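*Asks:* Got a structure here, written out as structure tokens. Questions coming.
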Amino acid sequence: MNKYFIEQINVSDNEYLVTSILFQNGDKINKGDVIFSYESSKADFDGESDHEGYIYYNPTLALRKNYKIGYLLAVVSENPITDFNNIFTENNSTELESGIHINQDRIITKKAQKLIEENNIDPGVFTEEIVSEEIVSDYLSKNKKHTFQDIGFYYSGTLDFKVNNGQKRLAIIGAGKAALQLLDTVFELKNINPVVLYDGNQNIIGKKLLGIEIKQLSIENIVKDFKDQMFDEIIISFSGNIAERKKWFDLLKENDLSIANIFHPTCIISNFVNLGEGNIFFANTRIGPFVEIGNNNVVSSYCSFEHHNKLGNHNTFGPSVVFSGSCTIGDEIKFGTGIFIEPRVNIESNSIIASGCIVQRNISAYSILRNTTKFEIKKINTGE
């Protein structure tokens, strides 16, 4: 026997107006059928059946009447019921099968209970008489960030902070500071759910980073988990060691793994961009029209690529690297912070462009470009 009650749909109303009853008593219904509707001062709600069976409405139920939260609207039974009036007793107004009781005076609705279980929330944190989905969602929003003491970001135990509603399951290589930076972006994306991290640091294997399991890094483990459908796509988080990043990208390609591209939601991307795979773009990056981007690049915040630029593979860009139009960038180049590249400049592979440079001419392969301006730091005479 499955019971359906008036559930709270906003925090300002304690009762709701029933606006429609969609079936007759004893009708056979399917899972997903709308069986009743009610409205509040702010929103309308369509009650769908979670079960297949025979529906019976409360004999006291009438259209265009107000009913309090917890009122038993209907039941759905697997088999027909001859005398269904006995089901609707006075006690049913507070006996929510779809929820749970706390201290015998608090009710948690079905949808709220689902959120509580999915996010491992202690139900005791709620003080409301009836805990609705909206109340739990508001709690999750206010408590999204967590402080990890003593053991830092790595910990053993149950999941604590993890996105569960993504469409694509993401695996991440690396579980250090770069992974934290990447996860900060991934948690902003509604279509991606990070499910596993791989790292070679034996001290953190088997622990969790922001609620995500850390496993031993090996191509064998990654391939096995991919074949076991643990994840859909994978990305490399670290950027400091370009050679190591390239090695892992090549291994992933050799084993036919699907490699993700990650964009922070604040990025501005032209409709006319030719993009490879394995690229990461952090917050407020702009990519202009007719830009070609290769594979496995890491682009930090506030970078900008104007029109008709061509970027190769395995490059890393510090914050605020700005390209004018029609520039060509090779492979495995490391860019520092706050760099400006003039139009039509060609920077060849395996070079290093240090922070603060203004690049006005072509740079040949295996070059280091740095700003040689000297700065003097003097102490202020305080008169003491």
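*Asks:* Give the number of residues within region 221-257 that are exposed (fewer than 14 other Cβ atoms within 10 Å of the Cβ) and in contact with a helix residue (DSSP H, G or I) (Cβ under 8 Å, 6 or more places away or on another chain).
*Replies:* Residues in region 221-257 being exposed (fewer than 14 other Cβ atoms within 10 Å of the Cβ) and in contact with a helix residue (DSSP H, G or I) (Cβ under 8 Å, 6 or more places away or on another chain): 2 in total.
A quick yes/no check of all residues on (1) assigned to a loop (DSSP other than H, G, I, E, B); (2) out of contact with any helix residue (DSSP H, G or I) (no Cβ under 6 Å at 6 or more places or on another chain); (3) surrounded by fewer than 15 Cβ atoms within 10 Å (Cβ to Cβ); (4) hydroxyl-bearing (S, T, Y):
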{"position": "H307", "(1), (2), (3), (4)": "yes, yes, no, no"}
{"position": "G325", "(1), (2), (3), (4)": "yes, yes, no, no"}
{"position": "P343", "(1), (2), (3), (4)": "yes, yes, yes, no"}
{"position": "Y366", "(1), (2), (3), (4)": "yes, yes, yes, yes"}
{"position": "T373", "(1), (2), (3), (4)": "yes, yes, yes, yes"}
{"position": "I380", "(1), (2), (3), (4)": "yes, yes, yes, no"}
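*Asks:* Restricted to region 223-237, and to residues that are assigned to a loop (DSSP other than H, G, I, E, B) and hydrophobic (A, V, I, L, M, F, W, C), which residue is nearest to F263 (Cα to Cα)? Explain how you work it out, then say what you get.
*Replies:* Going residue by residue through region 223-237, those that are assigned to a loop (DSSP other than H, G, I, E, B) are 228-232, 237.
Keeping just the survivors that are hydrophobic (A, V, I, L, M, F, W, C) gives 230-231.
On the way: M230: 22, F231: 19 Å.
Going through the qualifying residues, I end up with F231.
*Asks:* Failed condition for H101, given (1) at pLDDT below 75; (2) buried (at least 17 other Cβ atoms within 10 Å of the Cβ); (3) outside any helix (DSSP H, G or I), with all others met?
*Replies:* (2)
*Asks:* I'd like to know if region 3-23 contains one or more residues that are out of contact with any strand residue (DSSP E or B) (no Cβ under 6 Å at 6 or more places or on another chain), at pLDDT 85 or above, among the acidic types (D, E) and part of a loop (DSSP other than H, G, I, E, B).
*Replies:* The answer is no, given that none of the residues of region 3-23 is out of contact with any strand residue (DSSP E or B) (no Cβ under 6 Å at 6 or more places or on another chain), at pLDDT 85 or above, among the acidic types (D, E) and part of a loop (DSSP other than H, G, I, E, B).
*Asks:* What single numbered condition from (1) charged (D, E, K, R); (2) at pLDDT 85 or above; (3) over 36 Å from the mean Cα position of the chain (by Cα) fails to hold for R64?
*Replies:* Of (1) charged (D, E, K, R); (2) at pLDDT 85 or above; (3) over 36 Å from the mean Cα position of the chain (by Cα), only one is false for R64: (2).
*Asks:* So is I234 within 30 Å of K114 (Cβ to Cβ), modelled with pLDDT of 95 or more and either outside the structural domain of C303 (by TED's automatic domain parsing) or more than 20 Å from the chain's Cα centre (by Cα) (or both) or not?
*Replies:* So I234 fits the description; yes.
*Asks:* Do we find that V223 is under 19 Å from G278 (Cβ atoms) and at pLDDT 95 or above in this structure? Before the answer, list the steps.
*Replies:* Values: under 19 Å from G278 (Cβ atoms): yes; at pLDDT 95 or above: yes.
In short, yes.
*Asks:* Looking only at residues in region 129-149 that are loosely packed, with under 13 Cβ neighbours inside 10 Å and assigned to a loop (DSSP other than H, G, I, E, B), which one is modelled with the lowest pLDDT?
*Replies:* That would be Q149.
*Asks:* For region 283-302, how many residues meet the condition of being surrounded by fewer than 23 Cβ atoms within 10 Å (Cβ to Cβ) and not in a strand (DSSP E or B)?
*Replies:* Qualifying residue count, region 283-302: 10.
Every residue, every condition in (1) assigned by TED's automatic domain parsing to the domain that holds S349; (2) touching a residue at least 12 places away in the same chain (Cβ under 8 Å); (3) within 19 Å of the chain's Cα centre (by Cα); (4) under 16 Å from S349 (Cβ atoms), yes or no:
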| residue | (1), (2), (3), (4) |
| --- | --- |
| F282 | yes, yes, yes, no |
| P289 | yes, yes, no, no |
| N315 | yes, yes, no, yes |
| G318 | yes, yes, no, no |
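*Asks:* Quick one: would you say E348 is under 25 Å from C267 (Cβ atoms), of a type in the set (D, E, K, R) and free of Cβ contacts under 8 Å to residues at least 40 places away in the same chain?
*Replies:* Values: under 25 Å from C267 (Cβ atoms): no; of a type in the set (D, E, K, R): yes; free of Cβ contacts under 8 Å to residues at least 40 places away in the same chain: yes.
It is false that E348 is under 25 Å from C267 (Cβ atoms), of a type in the set (D, E, K, R) and free of Cβ contacts under 8 Å to residues at least 40 places away in the same chain.
The values are calculated or read from the model by the stated rules, or taken from the named source; none is laboratory data. Treat the numbers as computed from the prediction; the structure is a model and nothing was measured. For neighbour counting, all protein chains shown are included, and Cβ atoms are generated from backbone atoms with ideal geometry for every residue, glycine included.
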